[in-house]
Amino acid sequence: MGPLQEYRLGAGRPSIVITAGIHGNEQTAIYAAELIYSLLQKETLLGEVCILPRCNPSAIRARERKAPEDGLDLNRSFPGAPDGSHTQRLAYEIWRQTEGFDYVLDLHCCGLYGTTYAMHYFKKYAFAKPLCKMLGVPHVVSSKGTRGQLYIESCEQRGQKGILIELPGGQPGGVIYEDAAEAIARQVLGYLRNLNILAGEKPAPVPIRYFDCRQPIRADHGGLVRPAAAPGDVVRQGDAVAYLDDQPVLAPSGGLIAGIPPLRYVCRGEDMLRLAPDLEE
Ligand SMILES: [Zn+2]
């Protein structure tokens, strides 16, 4: 297994490594990483940026989450193993290529009916909230801190300051949401200015809202679900967020609509939408 495709710009500290395509179908993330690289061509670097836009090549070719060689989830496999299966060796290769950077930014997708938000394990890491303010993505959802993820292991084992970003699109079918990719690429440039990795005027701070882990809202019977909210909406407790056979589905708490499909039939017990509950500050 050779080294992965890599773009390097600038030198020295502070430094960041940006990864995408760890899940092969999450291709808005790959497109965003390419856009970030092209935007950086016109910028003055004060530190170093390394971009690994295609971390899971065979999964990307297959437009699947996992590599067909062994079906393991790369983002549950870090720090990997040099003598393990295909995905474990790939994780080890990425682990080595991302070593020594001050910051890690890992780009993912949350599906066709999702929205853009940052994910962080801010319940555990004290650096998370100041870092999320510098990133400036207005919605931040709590991670469960599942081990084996690149940004979690980078924080835990190497003291790197990592954030994961979820973008709409990706699964299924590797669909790219161009507008979301363009918006996050501009946002990441602002983040790099705030981190003093890029020269130029720092963006004005925006208010950040923090949400708890995403939870599915399931249908208590089979029927037709008509959404009454859109991905990215912030709703209040008791708001009708959908209709199941014309009966309102009320939000059990306030929160962020992290994903909600268009009109469709569901079976009993199936997810109708995903809500990330509001957190008291
Ligand atoms: Zn992913």
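What follows draws every value from the coordinates through simple rules; no lab data is involved. Predicted model, so just to flag it, every value in this text is computed and none were measured.
Structure data summary
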quantity	calculated
For region 166-220 versus region 87-108, the gap between their alpha-carbon centres in whole angstrom	20
Rounded tilt (10° steps) of 27-40 against the dominant C-alpha axis of the chain	40
Candidates 52, 198, 224, ranked by Gaussian network fluctuation over the chain, Cα under 10 Å, top entry	224
Relative contact order (%) - criterion: Cα under 8 Å, at least six apart; region: region 116-210	36
Rounded to 5, percent antiparallel among DSSP beta bridges of the chain	60
Relative contact order computed over the chain (Cα-Cα under 8 Å; 6+ residues apart), in percent	19
Lysine pairs meeting the criterion (Cα under 25 Å, 8 or more apart or interchain), as found in region 1-150	8
The chain, helix-only ellipticity at 222 nm - DSSP H runs n ≥ 4, -39,500 (n - 2.57), divided by all residues, nearest 500	-7000 deg cm²/dmol
Region 213-277: relative contact order in percent, alpha carbon pairs under 8 Å with at least 6 residues between	45
